[in-house]
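Data block below; observations after.
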Amino acid sequence: MDINVGDILEMKKPHPCGSNRMIVLRVGADFRLKCEKCGHDFMVARSKCEKKIKKIIGKEDANA
């Protein structure tokens, strides 16, 4: 998967706050994500995260 810093990921399951959109803060062997609604940031292993992604919304698509 081609995921870059600043992209917004739409996940299959929502965060406990109710939002299912996460902002990518760091990319590598694991991802650092930030919830778009509540601002909670956390680390997730790349393999686990890639399975949970529903859709990738790029930086330019998010602003429109």
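Please identify the trypsin sites (Lys or Arg not before Pro) of the chain that satisfy two criteria: DSSP loop assignment and at most 12 other Cβ atoms within 10 Å. Which are they?
Details: sites: 12, 21, 26, 32, 34, 37, 46, 48, 51, 52, 54, 55, 59; in loops: 12, 37.
Answer in residue order: 12.
Rounded, prolate or oblate: which fits the stretch 1-50 when a ≥ b ≥ c are the square roots of the eigenvalues of the alpha-carbon gyration tensor, with rounded for a/c under 1.5 and prolate only if a/b beats b/c?
On the way: a/c = 1.69, a/b = 1.54, b/c = 1.10.
Here the stretch 1-50 falls in the prolate category.
With contacts defined as alpha carbon pairs under 8 Å and 6 or more residues apart, what's the relative contact order of the chain in percent? Before the final figure, lay out each step's value.
Details: 114 pairs, mean separation 22.3, N = 64.
Dividing the mean separation by the residue count of the chain yields 35 percent.
Which whole-number value in Å² is the accessible area per residue of the chain, probe 1.4 Å?
Dividing the accessible area of the chain by its residue count gives 66 Å².
Rank these residues by their accessible area, most exposed first, probe 1.4 Å: 24, 44, 5. Write down the numbers at each step before the final one.
Numbers: 24 0, 44 30, 5 75 Å².
I get 5, 44, 24, largest accessible area first.
When Lys and Arg each count +1 and Asp and Glu each count -1, what net charge do the other residues less than 10 Å away from residue 35, Cβ to Cβ, add up to?
So the environment of residue 35 carries a net charge of +1.
Counting only the heavy atoms of the protein chains, how much of residue 1 is accessible to a 1.4 Å probe, in Å² to the nearest 10?
120 Å²
Nothing charged except the Cβ atoms of Lys and Arg (+1) and of Asp and Glu (-1): what's the magnitude of the dipole of the chain about its Cα centre? Round to the nearest 20 debye.
On the way: 14 positive and 9 negative charges, 67 e Å.
Value, rounded to 20: 320 debye.
How about the chain: which GluC sites (Glu not before Pro) there lie in a loop by DSSP and see at most 11 other Cβ atoms within 10 Å? Numbers along the way, then the final one.
Working: sites: 10, 36, 50, 60; in loops: 36.
Passing sites in the chain do not exist.
Extension gain residue 46-residue 17, at 0.36 nm per residue separation less the Cα-Cα distance, in nm?
Details: separation 29, 0.36 × 29 = 10.44 nm, distance 2.23 nm.
Contour length minus the Cα-Cα distance gives 8.2 nm.
Keeping every protein chain in place, order 17, 35 by accessible area at 1.4 Å, biggest value first, i.e. largest first.
Details: 17 45, 35 0 Å².
Ranked from most to least accessible, the order is 17, 35.
Among 58, 18, 47, whose Cα lies farthest out toward the positive end of the dipole of the stretch 17-62, if unit charges sit on the beta carbon of Lys, Arg (+1) and Asp, Glu (-1)?
With unit charges placed on the Cβ atoms, the residue in question is 47.
The values are calculated or read from the model by the stated rules, or taken from the named source; none is laboratory data. Just so you know, these numbers come straight off a predicted model, no measurement behind them. Every residue, glycine as well, gets a Cβ built from its backbone with ideal geometry; the counts of neighbours run over all protein chains shown. When the accessible area is computed, the model is the full protein with side chains, heavy atoms only, and any ligands, DNA or RNA have been set aside. Shrake-Rupley method; radii C 1.70, N 1.55, O 1.52, S 1.80 Å.
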